[in-house]
Amino acid sequence: MRCHLWGLTLWLLLLPALLSCGAEGGITVFCSPDSPRMRQAIAGVEAALGRGKLEVVCIPELGRQGEEELRRVRERRPGMLVVLGTPALLKVAPVEKRTPVVFALVGNPYFTGAAHDPKHPEIHQENITGIASPAPLNASLKQGATLLGPRVWGLLYDPNDGVAVELKNRFLKEAPKHGIKPLVVAAGDGAADRKGLERLRDQGARVIYLPPAPSAGRYAPLLLDWGKQQQVMVVSGHPEWRRGAVLWVALDYRKLGEEAGALARRVLGGEAPVKIPIAEKAPIEVQVDEGLLRKWSGHPPAAKN
């Protein structure tokens with residue numbers, strides 16, 4: 001009788017831990033912001049884990065809702081957090097110090113609190129590991145130079161958008177390595193975007209690069225419309241804007257999700273996050289608009305408006 005009671009007591013003591021950290025249903029995807037590419041990545045995570053649909057909590061990039069949602073998620077004590085997107089990691093890393101965390105869809109994790117020194121990806125917060133995926137700017141420049149030849153390229157950037165500023169700096173540094181002369185113009189709001197694009201065109205930019213930065217969505221429709229009208233050649237690195245670009249080079253978000261799921265499997269299998277260095281992976285998708293390319297090869301550019 002005593003053995004039976006002791007066994008029952010032990011089971012009741014272990015039950016909360018088993019429910020919170022058990023193999024089944026213990027993974028929550030915490031992500032930001034919601035977008036088609038985020039949903040592609042989530043599908044990749046689910047496919048790699050092979051557990052069916054996971055609990056997904058996707059928060060706005062700005063505002064207090066993210067902190068409240070994260071608090072509710074942590075109160076449920078998931079066995080693992082798969083964190084997708086820089087805004088989500090910025091919220092998780094400073095407060096979650098025990099639950100295993102695997103992150104992805106983060107261009108630069110070294111300012112989020114998860115890690116600090118890109119020269120030492122093996123040193124990071126003990127419960128966190130993940131995948132850094134810088135925007136594939138160099139791939140765009142390389143593919144574009146091969147396809148279009150050496151030309152003057154322009155880039156419009158918003159100085160209030162940290163991602164855009166980082167890409168502008170990389171653009172100025174990396175473009176000359178591919179025989180490309182870079183021109184950059186700043187535009188801080190939607191009212192200045194058209195003038196900024198016109199300045200780039202008037203200064204001789206035959207190609208304008210559309211970066212994968214949040215602010216680029218403001219002027220993407222205008223720029224791609226110019227591309228369709230042959231006012232300028234557009235090379236797009238933005239995952240959600242491609243029609244009108246002669247060349248599109250963007251991250252493969254489904255593949256990144258699969259990579260994150262594979263990493264999560266390693267942690268679930270017993271590897272400690274602290275012993276897994278942050279990896280850098282940037283799988284890409286490439287698409288050439290053959291029709292536009294033929295038009296540019298056979299005809300002079302359209303007159304400016």
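Quick notes on this one:
- Proximal charge balance of Arg76 [Cβ under 12 Å; K/R count +1, D/E count -1]: +1
- The distance from the alpha carbon centre of segment 132-175 to that of segment 76-124 is 26 Å, rounded to a whole number.
- Each Lys or Arg adds one and each Asp or Glu subtracts one; over the other residues with Cβ under 14 Å from the Cβ of Ala164, this totals -2.
- Relative contact order (%) - criterion: Cα under 8 Å, at least six apart; region: segment 137-236: 33
- Annotation: amide H-H contacts under 5 Å for Cys31 (H modelled 1.01 Å from N, sequence separation of 5 or more, or interchain): Val57, Cys58, Ile59, Leu84.
- Applying 1/(1 + (r/R0)^6) with r as the Cβ-Cβ distance of Ile123 and Lys181 and R0 = 41 angstrom yields a FRET efficiency of 0.60.
- The phi torsions of segment 161-171, fed into the Karplus equation with coefficients 6.51, -1.76 and 1.60 and a -60° offset, translate into couplings of 10, x, 5, 5, 5, 4, 5, 4, 5, 5, 4 Hz, rounded to whole numbers, with Gly and Pro shown as x.
- Label point distance in nm, Arg71-Glu198, each placed 7 Å from Cα along Cα→Cβ: 4.9
- For segment 96-104, backbone phi angles converted through the Karplus equation (6.51, -1.76, 1.60; θ = phi - 60°) give residue-by-residue couplings of 9, 10, 10, 4, x, 10, 10, 10, 7 Hz, Gly and Pro being listed as x.
- Per-residue Karplus couplings for segment 217-227, computed as 6.51 cos²θ - 1.76 cosθ + 1.60 with θ equal to phi - 60°, are listed in order as x, 5, 10, 4, x, 5, 5, 5, 5, 4, x Hz, Gly and Pro entered as x.
- Label-point separation in nm, Ser297 to Lys142, each point 7 Å along Cα→Cβ: 2.3
- DSSP-defined antiparallel bridges as percent of all bridges, the chain, nearest 5: 15
- Above-threshold pairs, the threshold being 25 Å between Cα atoms, out of Lys173/Lys281; Lys91/Lys195; Lys53/Lys119: Lys91/Lys195; Lys53/Lys119
- With both labels modelled 7 Å from their Cα along Cα-to-Cβ, the Ala47 to Leu172 distance reads 4.0 nm.
- Of the peptides 109-116, 95-102, 47-54, the ranking by mean beta-carbon count within 10 Å, highest at the top, reads 109-116, 95-102, 47-54.
Since every read-out is calculated from the coordinates, none of them should be taken as a lab result. Note that the structure is a prediction, hence the values are computed from the model and not measured. A quick note on method: Cβ atoms are made from the backbone with ideal geometry, for glycine too, and the neighbour counts reach across all protein chains shown.
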